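As structure tokens, the structure follows; a few thoughts come after it.
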Amino acid sequence: MNKVERSRNYQHRVRQALNKPRLQEALHRFADAYTLAREKAFAGQDFEELRNGIGKMKDEVRDNIDHYLNQFIANAEHAGAKVFVAKTAAEANAYITQLALEKNVQKVVKSKSMASEEIHLNQALRDANIKALETDLGEWIIQLAGERPSHMVMPAIHMFKEEVAELFSKETGREEPAEIEHLVKVARDQLRQAYLEADMGISGANIAVSETGGLALVTNEGNARLVTTLPKIHVALVGLEKLVPRLEHAHDIINVLPKNATGQMVTSYITWIRGAVPCADEKKELHIVFLDNGRTALAKSPHCKDALRCIKCGACANVCPVYQTVGGHVFGHIYISAIGIILTAFFHGLENASELVRACIGCRACVAVCPSQIDLESIILHLREVLGEEEGIGAGKALVFKKVMRNRKLFHGLLRAASRLQKPVTRGERTIRHLPLFFSGLTEWRTLPAIADAPLRDQWATLNQVQAQAKYRVAFFAGCLNDFVYPELGHDLVQVMNHLGVEVTMPLDQNCCGVPALYSGDRETAIALAEQNVAAMLADDPDYVITTCPTCTMALQRDFLDLLGDNPVWAERARHLSEITCDVSRFVVEKLNSGTSFEKVADPAAVTYHDSCHLKRGAGVWQQPRDLLAQTGRDLVEMAHSDRCCGFGGSYSFTSQPDIAKRILNDKISDIEATGAKCVAMDCPGCMMQIRGGLEKQGKKIRAAHTIEIMAEALPQD
Amino acid sequence: MDKKITQFIQALRNVGGVAEVVKNAADAVAHIGAHLQGPLLAPDSHSLQQAGLKDFLSQAGIEMVCDDFRANGAKAAGGLTGANFGIAATGTVVLESTDENVRIASTLPEKHFVVLDPAKIVSDYNAALPIVRKLHEQWPQVYLAYLTGPSRTADIERVLTIGVHGPRELHVLLLEGISSDFMER
Ligand code: SF4
């Protein structure tokens, strides 16, 4: 399939998924329940410390894989197990089917193993005329339905009891009522005999302990215990990344995994198996098949290798707004959601991952809950760059980034021209409600702000800056939206800063922060822009560089370092810029001790607050803006899911996935509305554009404001 | 009562398991008798022997299955085992199950009864670690189980449902003075 067909095909699947409101509702409800249960399960434990430990331990194994693998093999073989290391999926399938044929195996029972899904083991067995029966309830359901898992931990999460009843009725030849307890009993009764009849049991493993040469299985249903007990042959298919050095490390994973996967304190069963244990008066044949299939290559990828820390808890799907919107069949290949994107690229080829890479909105919700401390977003960004290099980023984008954005004067000139050209559409209003012809899709579900008549940079000289003895001299990095769309935020900023004794400059050589290019996979342009901006922002040697857009903040604090860190000409300056960059809310609270600087409004109106993804999970700022709202006398009413993405994601909501973005925005608007507040505050012009546009389009009388506006309104009048 | 014992009982009950302190073997038998309708798989075990449970159970008229577990397992209504130790924080019983009969008794029947000497309850995974390591050092082949409550699933519409493939009920009977051996097998 060529790239265009592939994208079209994918968009078609997205739209189909968007037409399943029942599934979306179920996944949203699950996410809520999960979040609460998880919080409760981790109460009293230091999650950061736990995940730091797991991350380090997994890195140790990854960097010394030969040592730990050999140690495991020696110990396992000593206990009578046979160990095979399969380089590819084909090798693993061949080993297992060959073994089954040799031993005259007719029937196989399986317990849940994502690795076996990864290599399509059932298909390989079927091709050899061997019947493999899934026994995990969820896996059995999807096997009967002829589908693949839509979640790594809950494979049939996309199905409803009526559908299950229909599948089971076909299997039993009776009419099975759609009652969950009954259906569970049907599964129990139907599968019971199979354990006793099967000649081979195939399981996965959650952990392989080098110190002992044993495996650990973390399960709830009890089928894995039967699968590993009753048949005479046990094959365990284990990804190489499951190795841990010692038993205490296994305990660390056993402690965290159930809590993070489902919010359970502990699963019903942890099963430790080493060697050829007794089986029907003989010894069991235990074969352990370690699976490489791209893992060694992944371990060697400097940007992506952290993905091997994954313990397959599935949390990155649970909290992902894209997953909640389209489900795991669309936002996944075999492996699902954020980690699925990365593993797919390495295990199943970049081609299978490319649409998924673009479907990630970059909100970092996954990064916040990952128990293995994987920066999933950064890795996905890197894959986007690789894809950009491999497949190109599209002629239109390439032109804009390479020829226009890198040339600041041309870029800004075109923006000014656009401001004039849009006049017939905006009719002098501040927002665009309709666009002509095929552009009109962009305003179907939100209005869009017009480009300002005069950008902030053209107005800057006129702004009041009288500062007798400035406490600080700060440089303002405005970013495109603040500069060209919302210049009034710059006025507010100057007023607030001046009132607090700070002088603000706006270096006019600053350009776009480069994130749009970077997120589209054009690293080269991002580097060029980073260099321009480092030079511009440091030219005057300011005390601080402040921002009103958290995406810009992350660019200056994090991305520039990554882009220029290896370049001796720029590295030191990029580091300095990173250190002095601060978003405005944090700056006001922490550097200016603004405590009593504002006048409280007499009649405190209720305000709710939306946490921007990059501010909360990138810059780690969420309390400060709330403090500021309180300092200005607002009544803060928290909305549900305040830190869930609004669906903006830059070009995500314009060109790459507008349908998904729209659905995510609608969720946000419902949450805002439910608070009853007449104003929603936020610290990001991108979120503002998205949320304001959605509120306006839906005719809601709720104001969307940047926190800096609210601060400016609370300045004492003199 | 020792804090670890109360914590163990609470944690196990939280996940839908039954935890009872029994004063003597007769009480244990009474509990089992009250919950069992059918044959009981009872593999050899140090704890069970110390408590003399099997004899009491036979005398109470319970049908005891002591051999050919594979053939009889599917028909049995319950299994009875003696735990190596317990973990208070999670309400877990740890069962050395390398003996296949122990595995069958604890997986196939609908109900699983475990006797545990409360003196063998340790606080948490950390405290369990040296014991688990020692259990691995004792013999080359190991099949060790942490059991926490009944078998469960949430695979249909994420609704928690008890008793899918493993036991639908887990009863842990805390009986003092039956064993101080963490390594029993
Ligand atoms: S990437 Fe992290 S959150 Fe996602 S499944 Fe792996 S361990 Fe869990």
Beyond 30 Å, the calculated P(r) of region A:71-294 holds a percent of Cα-Cα pairs equal to 21
The extension gain from A:R558 to A:D543, computed as 0.36 nm times the residue separation minus the Cα-Cα distance, is 3.5 nm
Fewest-first ordering of B:D55, A:D281, A:D540 by Cβ atoms within 10 Å yields A:D281, A:D540, B:D55
With -39,500 (n - 2.57) per DSSP H segment of 4 or more residues and division by the full residue count of chain B, the 222 nm estimate, nearest 500 deg cm²/dmol, is -9500 deg cm²/dmol
The exposure ranking of A:W460, A:W140, B:W139, fewest beta-carbon neighbours within 10 Å first, is B:W139, A:W460, A:W140
Compactness check, the protein assembly as shown: C-alpha Rg relative to the 2.2 N^0.38 Å globular estimate gives 1.06
Asserting the computed 222 nm helical MRE of chain A (DSSP H runs at least 4 long, -39500 (n - 2.57) per run, divided by residue count, to nearest 500) equals -13500 deg cm²/dmol
Normalised per residue, the volume inside the convex hull of the alpha-carbon atoms of region A:606-713 in Å³ amounts to 89
Of the convex hull enclosing the alpha-carbon atoms of region B:3-175, the direction-averaged projected area in nm² is 10.2
Distance in nm between A:K423 and B:E63 label points, each 7 Å along Cα→Cβ, equals 9.6
With the dipole of the protein assembly as shown defined by +1 on each Lys or Arg Cβ and -1 on each Asp or Glu Cβ, the option from A:N511, A:V588, A:N93 whose Cα lies farthest towards the positive pole is A:N511
Kirkwood Rh over alpha-carbon pairs of region B:7-69 plugged into Stokes-Einstein at 4 °C, 1.567 mPa s gives a D in µm²/s of 100
Percent antiparallel among DSSP beta bridges confined to region B:3-175, rounded to 5, stands at 30
If the chain between A:E197 and A:E102 were fully extended at 0.36 nm per residue, the gain over the current Cα-Cα distance would be 32.4 nm
Proxy exposure order for A:T707, A:T296 (fewest C-beta within 10 Å first) is A:T296, A:T707
Hydrodynamic radius by Kirkwood for region A:181-339, inverse mean 1/r across distinct Cα pairs, in Å, is 17.6
Env charge @ A:A539, Cβ radius under 11 Å, K,R +1 / D,E -1, value -2
With the 8 Å Cα cutoff and a minimum separation of six or more residues, chain A has a relative contact order in percent of 11
For the A:Q11, A:A43 Cβ pair and Förster radius 56 Å, calculated FRET efficiency rounded to 0.05 is 0.85
Within region B:1-127, pairs of Lys residues whose Cα atoms are less than 30 angstrom apart, provided they are eight or more positions apart or on distinct chains, add up to 15
Restricting to lysines and to Cα separations under 22 Å from A:K20, and discarding same-chain partners fewer than 8 apart, the set is A:K161, A:K662, A:K668
Quick note, region A:527-604: a/c under 1.5 would make it rounded; otherwise a/b > b/c is prolate and the rest oblate (a ≥ b ≥ c, C-alpha gyration tensor); here it is prolate
For chain A, percent of DSSP beta bridges that are antiparallel (nearest 5) comes out at 20
If every Lys and Arg gets +1 and every Asp and Glu gets -1 at its Cβ, then about the Cα centre chain A yields a dipole, in debye to the nearest 20, of 1260
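No lab work stands behind these numbers, since they all come straight from the coordinates. The structure displayed is predicted, hence computed values, not measured ones. Using ideal geometry, Cβ is built from the backbone for each residue, glycine included, and neighbour counts are taken over all protein chains shown.
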